[in-house]
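Participant: Here you go, one structure.
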Amino acid sequence: VIAGVLLLLAGQLALFLGAHELLRRVRTGDAALDLLIFLILRLLLLSGAVLLAGLSGTLTRWGLGTAALTALAALLAGGAQRRVERPSLPRLDAWMLWLAGAVALRYLLQAWFFAPHLGDALAYHLPKIGEWVRAGGFTRELGLHPHATFPAGFELLETWWVVFLRHDVLIEMAGVEFVVLGAAAVFVLGKHVGLKDGAAFLAALLFAVSPGFCLGATSGLNDSAAAAMVAATAALVASRVSWGIVALSVGLGLGIKATYGFALPGLALLAGLSRREPRLGDPARGWSAALGAAGLLAGAFWYARNALWFGNPFYPLGSAGVFNPVAVQFGPSVRSFLGNVTALIDVRVYDPQPLGANVDESAGWGAAAFALGLPGLLWNAGEPRWRRLVTAFGVSLAGSLLFVQNDPWCLKYVFYVPALLAVAAGRLWEALPPLRGIVLAALAASFAGSIVSYDLPRRDLSGLAAQPWRTRAAPLREGGAFRGDTVACVGGHALKSYLAYGPDFSRRVVYLRPAVADELAAAMKREGAELLFADSDPRTSELLQRAIEAGALQPLEGNLYRLRDGSRK
Amino acid sequence: MTAFRSRLLAGLRLAAPLAVAVWRVSTRPASEVWHDWLLIVSLLDFVSTLSGPGRARSAAYAAATAFLLGIYLWGQGPHALRLLGVLP
């Protein structure tokens with residue numbers, strides 16, 4: 001563990017110095033904007049490092065660690081540390097720093113005590129990380145969920161946080177990184193529309209505690225990461241940074257989640273509307289173009305892989321004959337748009353349900369966005385920069401709502417909207433001092449409302465906190481516990497197979513796709529798996545029933561089954 | 001900008017929030033109209049446009065935001081307090 005921690009720290013230092021070296025080539029001279037660009041460059045380096053390690057089969061503690069140490073040694077030998085300048089800090093009241101400290105501490109506690117627990121994360125996002133970490137590189141096997149082939153830019157960050165320790169105790173730090181990115185983007189947007197440091201900083205904090213974004217960030221889902229990238233791209237476009245840096249952000253955003261792309265029409269409009277604004281900085285064109293190309297390459301990787309493997313970059317969406325019970329809309333739908341808009345303005349904007357990362361039947365925008373952000377949109381609405389920003393976010397929102405199915409969770413794809421609403425609240429804070437008590441009350445409400453998620457209730461949270469970090473893992477809700485070296489998994493989208501790996505990835509997981517019961521027992525025998533983990537969808541249940549009747553399987557607790565002794569010979 | 005065009009724009013600026021308010025009043029159930037956020041925001045826009053910069057506009061914003069915060073907390077507050085264990 002100590003070696004893992006040291007390698008992780010070395011990796012972080014290499015990322016810091018490397019990103020700073022790149023920033024020197026493309027800096028704008030605006031401290032806040034440069035911080036945002038630095039964070040995006042760091043994201044690029046991190047994603048690139050894990051991508052290369054995954055492709056080269058060196059995605060291990062010492063594989064990636066050696067690369068990190070080598071990069072760090074080269075940077076130090078080149079004097080990179082001597083070129084790090086003291087950043088100019090915003091002028092803030094002490095209470096704001098205390099508030100920021102409380103928010104930061106809350107996130108760190110969430111990252112430490114939360115273990116992956118959400119169904120989508122356990123069934124679809126994370127099993128691929130289990131496979132990669134165990135194999136020490138990218139694998140063809142990604143798990144049983146039909147969406148396991150979706151872009152995995154966020155999973156690259158999660159992998160970074162687990163590979164050195166070979167343990168997932170810090171996996172939620174990947175989401176925390178995007179909270180920092182999103183808050184920095186909101187600060188830049190606030191400054192862009194003329195806010196002073198304090199009001200822009202408060203807006204950043206309001207965004208950081210907007211409940212949906214906050215709970216999503218430490219849930220293993222990638223929606224908050226995609227939202228932070230939309231806000232970051234908006235900040236870069238509005239500030240008129242070079243096209244290469246914008247392309248870098250767009251590439252990384254698309255690599256995290258395709259839903260990021262639904263917001264692009266608004267961002268393109270923002271670029272068009274802002275074309276008369278002066279460009280910030282004079283970055284080296286070659287560097288800017290190279291970084292843009294690298295970002296696009298990193299983002300396009302997943303689509304190219306799918307095109308190569310399946311002949312369809314968006315696989316399984318748009319591919320005929322794929323069994324996919326998890327409904328996802330492919331392409332625009334006016335019907336969805338109308339349903340989504342109606343649901344948002346009539347019901348979900350009030351957050352009428354208990355909140356969680358998936359914001360079931362709610363928006364998850366929180367008290368500040370609702371009570372101050374929405375009316376704040378109108379304050380001095382004719383101010384050109386504000387009008388452009390509101391128009392662009394409106395078009396992005398419309399684009400997202402046009403492309404996502406009208407289901408109870410559709411508003412998790414627009415977690416970027418509270419970024420604009422936070423800036424709107426910041427404008428009211430600055431312009432109307434009598435409203436400051438209301439702003440603080442709304443901030444307190446958002447903070448309190450995003451402490452406990454309905455899908456990780458206090459009882460479960462206490463259970464996780466009570467476990468030693470080495471064994472901390474969400475329990476199987478249906479009962480039972482994994483044992484043995486190898487677990488076979490069979491089923492579909494509801495199977496939380498990530499849990500089978502264990503938090504230290506010590507268990508081998510084999511994914512079986514048998515057509516008949518005989519094949520199931522034979523495959524388990526071949527793979528040396530005594531334990532079977534299966535979900536309860538009708539197709540799997542029928543298969544299991546036949547295997548049990550044939551005497552091959554013995555039901556244990558919950559969704560666990562044992563290969564009978566006779567079948568093992 | 002001609003005086004006519006300027007008056008037309010000012011008229012539209014007032015008519016737009018009123019139109020939204022009328023739409024909400026006519027389409028929302030009577031029991032829900034009083035806490036409809038879009039109605040509140042459109043009325044705020046109407047009042048602040050009519051009053052122009054000054055204390056009346058500040059007061060309108062203070063009243064509207066406080067009311068909206070109350071509406072939000074009325075709906076979401078019990079859920080959050082239950083999750084925090086403050087309410088059973």
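Participant: Restricting to segment A:349-370, name every residue that is surrounded by 24 or more Cβ atoms within 10 Å (Cβ to Cβ), over 30 Å from B:Ser51 (Cα atoms) and not hydrophobic (A, V, I, L, M, F, W, C).
Facilitator: A:Asp351, A:Gly356, A:Asn358, A:Ser362, A:Gly364 - these are the residues of segment A:349-370 that are surrounded by 24 or more Cβ atoms within 10 Å (Cβ to Cβ), over 30 Å from B:Ser51 (Cα atoms) and not hydrophobic (A, V, I, L, M, F, W, C).
Participant: Given the criteria crowded, with 20+ Cβ neighbours inside 10 Å, farther than 25 Å from A:Asp168 by Cα and not basic (Lys, Arg), does A:Ala521 qualify?
Facilitator: Against the criterion (crowded, with 20+ Cβ neighbours inside 10 Å, farther than 25 Å from A:Asp168 by Cα and not basic (Lys, Arg)), A:Ala521 qualifies.
Participant: Are any of the residues in segment A:453-473 of a type in the set (Ser, Thr, Tyr), closer than 29 Å to A:Pro146 by Cβ, within 14 Å of chain B (Cβ to nearest Cβ) and in a loop (DSSP other than H, G, I, E, B)?
Facilitator: Among the residues of segment A:453-473, at least one is of a type in the set (Ser, Thr, Tyr), closer than 29 Å to A:Pro146 by Cβ, within 14 Å of chain B (Cβ to nearest Cβ) and in a loop (DSSP other than H, G, I, E, B), which makes the answer yes.
Participant: I would also like to ask the following. I need the full set of residues from segment A:354-368 which are within 10 Å of chain B (Cβ to nearest Cβ) and either of a type in the set (Val, Ile, Thr) or more than 14 Å from A:Lys412 (Cα to Cα) (or both), in order please.
Facilitator: Answer for segment A:354-368, where residues must be within 10 Å of chain B (Cβ to nearest Cβ) and either of a type in the set (Val, Ile, Thr) or more than 14 Å from A:Lys412 (Cα to Cα) (or both): A:Pro354, A:Ala367, A:Ala368.
Participant: Being more than 9 Å from chain A (Cβ to nearest Cβ) and surrounded by 17 or more Cβ atoms within 10 Å (Cβ to Cβ) is the filter; apply it to segment B:1-41 and report the residue that is nearest to A:Ala369 (Cα to Cα).
Facilitator: Within segment B:1-41, the match that is nearest to A:Ala369 (Cα to Cα) is B:Leu39.
Participant: Now, a different point. Within segment B:68-79, track down each residue that is more than 22 Å from A:Pro375 (Cβ to Cβ) and facing another protein chain (nearest Cβ under 7 Å).
Facilitator: Listed by number, the list holds a single entry, B:His79.
Participant: Scan A:Leu44, A:Leu6, A:Leu17 and give me the residue that is without any contact (Cβ under 8 Å) to a residue 12 or more places away in the chain and either within 20 Å of A:Leu72 (Cα to Cα) or in contact with a strand residue (DSSP E or B) (Cβ under 8 Å, 6 or more places away or on another chain) (or both).
Facilitator: Of A:Leu44, A:Leu6, A:Leu17, the one residue that is without any contact (Cβ under 8 Å) to a residue 12 or more places away in the chain and either within 20 Å of A:Leu72 (Cα to Cα) or in contact with a strand residue (DSSP E or B) (Cβ under 8 Å, 6 or more places away or on another chain) (or both) is A:Leu6.
Participant: Could you count how many residues in segment A:407-436 are farther than 24 Å from B:Leu44 by Cβ, of a type in the set (D, E, K, R) and out of contact with any Asp or Glu (no Cβ under 6 Å at 6 or more places or on another chain)?
Facilitator: Going through segment A:407-436 one residue at a time, the tally reaches 1.
Participant: Still on this structure: Being surrounded by 18 or more Cβ atoms within 10 Å (Cβ to Cβ), within 13 Å of chain B (Cβ to nearest Cβ) and not charged (D, E, K, R) is the requirement here; does A:Val439 meet it?
Facilitator: For A:Val439, the condition - surrounded by 18 or more Cβ atoms within 10 Å (Cβ to Cβ), within 13 Å of chain B (Cβ to nearest Cβ) and not charged (D, E, K, R) - is met.
So that you can scan it fast, the table gives a plain yes or no per residue for (1) surrounded by fewer than 18 Cβ atoms within 10 Å (Cβ to Cβ); (2) over 30 Å from A:Ile438 (Cα atoms); (3) out of contact with any Gly (no Cβ under 7 Å at 6 or more places or on another chain):
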site: A:Ala304; (1), (2), (3): yes, yes, yes
site: A:Gly311; (1), (2), (3): yes, yes, yes
site: A:Val328; (1), (2), (3): yes, yes, yes
site: A:Ser336; (1), (2), (3): no, yes, yes
site: A:Gly339; (1), (2), (3): yes, yes, yes
site: A:Val347; (1), (2), (3): yes, no, yes
site: A:Leu372; (1), (2), (3): no, no, yes
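Participant: Can you find even one residue in segment A:506-522 that is touching a Ser or Thr at 6+ places or on another chain (Cβ under 6 Å), over 20 Å from A:Val133 (Cβ atoms) and among the aliphatic types (A, V, I, L, M)?
Facilitator: yes
Computed from the coordinates by the stated procedures, all read-outs in this text should not be read as laboratory data. Please read all numbers here as calculations on a predicted model, not as lab measurements. Neighbour counts run over all protein chains shown; Cβ positions are idealised from the backbone, glycine included.
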